[in-house]
Amino acid sequence: MRLFPAMILGLAAALSLAACTKPTASGVTSDDMSMGSAKAPVTMIEYASVACPHCAAFNNTVFPAFKAKYIDTGKVRYIAREALTGDPSIAAAGFLTARCAGPGKYFQVVDAIYHAQEEMYRSGDPHTSLLNIARSAGLSDAQFEDCIKNEKSLNDLNARWEKYVKDDHINGTPTFVINGRVYDKGEMSLPELDAAVAAAQTGAKAPA
């Protein structure tokens, strides 16, 4: 098995999550990766990890239809927040690779990692899978290696995740926040998202 640098393993250590604390969500920041119009009436924040199987299932089976229905039509602005759940070393290396590919290719790389996730775990060689994804996004092998070993980027990523845990009280992934209301039930179906967006548009309370 090809291992990631030791600094990734150290910085992406497991954190204790306070499941009994009511989650909150901070405002959108310059560190967030977004998709869709900033003028959209509804904002959905997703805390997710590229190493989380539930996040991959949502991305691969629900998100394409949600994106076409709401994000591409200007109804919803989507904000992605990077969590280090699942295997934290894979999550960290994956998100660093996506950011190194650049804002224009960030979501392309994240999507590719989600689709390759099962194979990464099955093969025991996530390094090679991520390297191939980095190549497809235009990164050289040297750029990829430098990217996942960049100490400042690793520190920044870890600090963001610690903030989400401590300040936003994120206790699992995926967690969705839609116009300020937290849906911490894990994966959501398209009908559930339809109801949540409709409630956000009217200011009403969506069904639990």
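Laboratory data are not the source of any read-out in this text; all were calculated from the coordinates shown. Only a predicted model underlies this, so the values are computations on that prediction, with no experimental measurement involved. Reconstructed Cβ throughout: ideal geometry from the backbone, glycine too, with neighbour counts over all protein chains shown.
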> To the nearest whole percent, what portion of all C-alpha pairs in region 70-208 is separated by more than 17 angstrom?
Replying inline: 65
> What nm value, rounded to one decimal, do you get for the distance between Val28 and Lys185 when each label is placed 7 Å out toward the C-beta?
Replying inline: 2.5
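Starting from the alpha-carbon convex hull of region 81-140, give the projected area averaged over all orientations, in nm². Display every interim value, and only then the final one.
Numbers: hull surface 14.8 nm².
Reported value for the Cα convex hull: 3.7 nm².
Roughly what % of DSSP beta bridges within region 42-200 run antiparallel, to the nearest 5?
Values: 7 of 14 bridges.
Of all bridge pairs located within region 42-200, approximately 50 percent are antiparallel.
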> Which Cα, out of Ile90, Asn59, Ala116, lies furthest along the positive dipole direction of region 42-200 (beta carbon charges, K/R +1, D/E -1)?
Replying inline: Asn59
> Simple spin-label model, 7 Å along Cα-to-Cβ: Thr128 to Asn171 in nm?
Replying inline: 4.1
> What are the ³J(HN,Hα) values, in whole Hz, obtained from phi via the Karplus relation 6.51 cos²θ - 1.76 cosθ + 1.60 with θ = phi - 60°, for each residue of region 68-85 in sequence order, with x given for Gly and Pro?
Replying inline: 5, 7, 10, 6, 5, 9, x, 8, 9, 9, 9, 10, 9, 10, 7, 10, 10, 9
> Given a Förster radius of 30 Å and the C-beta distance between Gln201 and Tyr121 as r, what FRET efficiency does 1/(1 + (r/R0)^6) yield to the nearest 0.05?
Replying inline: 0.20
